[in-house]
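Chemist: If you scroll down you'll find the structure; I have some questions about it.
None of the figures in this text is laboratory data; all of them are computed from the coordinates on show. Remember, predicted model here, so these are calculated numbers, not experimental data. All Cβ positions, glycine included, derive from the backbone under ideal geometry; neighbour counts span all protein chains shown.
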Amino acid sequence: MSGPADFEGRSVDDVRRKLAATFASRGIDSPELDARILLGEALGLDLTGLIAQGGRLITVHDALILSSFARRRIAGEPVARILGRKEFWGLPFKLAPATLVPRPDTETVVETALKFLRDEKRDSETIRIADIGTGSGAILLAMLSELPTATGVGTDISLEAIETARRNAQKLGLVDRASFIACDYAAGLSGDFDLIVSNPPYIPSRQIGQLAIDVRDHDPHLALDGGPDGLEAYRAIAPSAFGLLTSGGALIFEAGQGQDRDVRAIMAAAGFATNEPPRTDLSGVDRVVVGRKKPVKMQF
Ligand code: GLN
């Protein structure tokens, strides 16, 4: 059931159960959760509101909105795309067609970057961060939310992404410390940065067609496509990042599954020290690679 007539005049509780059953029968992974979120969005109610108003009857207007959401979900569109927002690092991010949906795996980039600064005892310095290919601004803004004295710049080739990231910075109250530039990777940046982070496109071009529908049909291919072997963005970013970093700074990359060795080799070729083991994400995949720009030892 997903047409407006299936919802109109029924109670909130009834619709929620039936929608979850429909989602389950279509093989959707989290049918109850998705039904609750989409129903709540259609009615403008949070979980408490849905429970409190379980007996309320669905109007024609609500039924139309809900049926459009339900059809999109059944066709494979992720809930985050339907809502146009996703939580990352506990913060709300607005999305646009030009931005990836931020992934929980990418929180490992934030964790690694924060740990790097804390280990170096630099987390309360006025450090400067760059996020290459910032999308919705998720990595940069999550970092700035944790580092009250840091400032940062996010770049993205897509103007729509830049506008979305800027809006997110505004909504999160970080606009004074975050700026955004539309450019190819690091092309519009000038140094010095203490930390550069990036979740670049890393899917080999030929594999994009085989990705799950929610990614293949709903994430922007520009943000996914890493060229023939998936590593082109790393080759482009690593040397320019080396030039932009202060000595003692670090470049922290998200890598695709199985790419960590290649990414380390690319970073090493650009001059980075990459002896630290990669950090694993929540699924145990080696996900985040750190390259340090070692301080130059002065010889007198
Ligand atoms: N992690 C994304 C995926 O689900 C890819 C993002 C990227 O290419 N950086 O495949």
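Chemist: Using only C-alpha positions, report the orientation-averaged shadow area of the convex hull of region 95-204, nm², one decimal. Could you put the intermediate results ahead of the total?
Modeler: Numbers: hull surface 26.8 nm².
It is 6.7 nm².
Chemist: Another question about this same structure. Give me the percent of DSSP beta bridges within region 97-292 that run antiparallel, rounded to the nearest 5. Intermediate results must be reported in sequence, preceding the final value.
Modeler: Working: 8 of 28 bridges.
Of those bridges, close to 30 percent are antiparallel.
Chemist: So which trypsin sites (Lys or Arg not before Pro) in region 111-216 are both in a DSSP loop and have at most 15 other Cβ atoms within 10 Å of their Cβ? Don't skip to the end; give the middle numbers.
Modeler: Details: sites: 115, 118, 121, 122, 128, 166, 167, 171, 177, 206, 216; in loops: 121, 122, 177.
Hits after loop and neighbour filter: 121.
Chemist: List the lysines whose Cα lies under 21 Å from the Cα of residue 115, skipping any in the same chain that are fewer than 8 positions away.
Modeler: 293, 294
Chemist: Taking N as the number of residues in the chain, what value does Rg over Cα atoms divided by 2.2 N^0.38 Å take? List each step's numbers first, then the result.
Modeler: Values: Rg = 21.6 Å, N = 300, 2.2 N^0.38 = 19.2 Å.
In units of the 2.2 N^0.38 Å rule of thumb, it is 1.13.
Chemist: Just want to confirm a number: the relative contact order over the chain, from Cα pairs under 8 angstrom separated by 6+ residues, in percent. Don't skip to the end; give the middle numbers.
Modeler: Numbers: 564 pairs, mean separation 41.0, N = 300.
Here the relative contact order equals 14 percent.
Chemist: Restricting to DSSP loop positions (anything but H, G, I, E, B) with no more than 13 other Cβ atoms inside 10 Å of their own Cβ, which GluC sites (Glu not before Pro) remain in region 6-70?
Modeler: Values: sites: 8, 32, 41; in loops: 8.
Hits after loop and neighbour filter: nothing returned.
Chemist: Structure shown: which of 86/171; 18/86; 94/121 lie over 22 Å apart, alpha-carbon to alpha-carbon? Present the calculation step by step, with values, prior to reporting the outcome.
Modeler: Details: 86/171 14 Å; 18/86 25 Å; 94/121 32 Å.
The answer is 18/86; 94/121.
Chemist: Let me ask something else. Along its principal axes, what span do the Cα atoms of region 155-300 show, with the longest given first and each in whole Å?
Modeler: The Cα atoms of region 155-300 stretch 60, 37, 27 Å along the principal axes, largest first.
Chemist: For region 41-103, report the translational diffusion coefficient in µm²/s to the nearest whole number, using Stokes-Einstein at 4 °C, 1.567 mPa s, and a Kirkwood Rh over Cα pairs. Provide the component values of the computation, followed by the final result.
Modeler: Details: Rh = 13.3 Å.
The calculation lands on 97 µm²/s.
Chemist: Within region 54-205, what percent of beta bridges assigned by DSSP are antiparallel, to the nearest 5? Let's see the in-between values first.
Modeler: Details: 4 of 18 bridges.
Bridges in region 54-205 that DSSP calls antiparallel: roughly 20 percent.
Chemist: Run through the DSSP bridge list for region 187-300 and note the antiparallel percent, rounded to the nearest 5.
Modeler: Values: 8 of 14 bridges.
If I count the DSSP bridges inside region 187-300, around 55 percent turn out antiparallel.
Chemist: Still on this model: At what distance in angstrom do the alpha carbon centres of region 101-178 and region 60-98 lie from each other?
Modeler: Region 101-178 and region 60-98 have Cα centres separated by 24 Å.
Chemist: Wrap a convex hull around the Cα atoms of region 4-75, take a quarter of its surface area, and give that in square nanometres. Each step should come with its number before you reach the end.
Modeler: On the way: hull surface 15.8 nm².
Its average projected convex-hull area is 4.0 nm².
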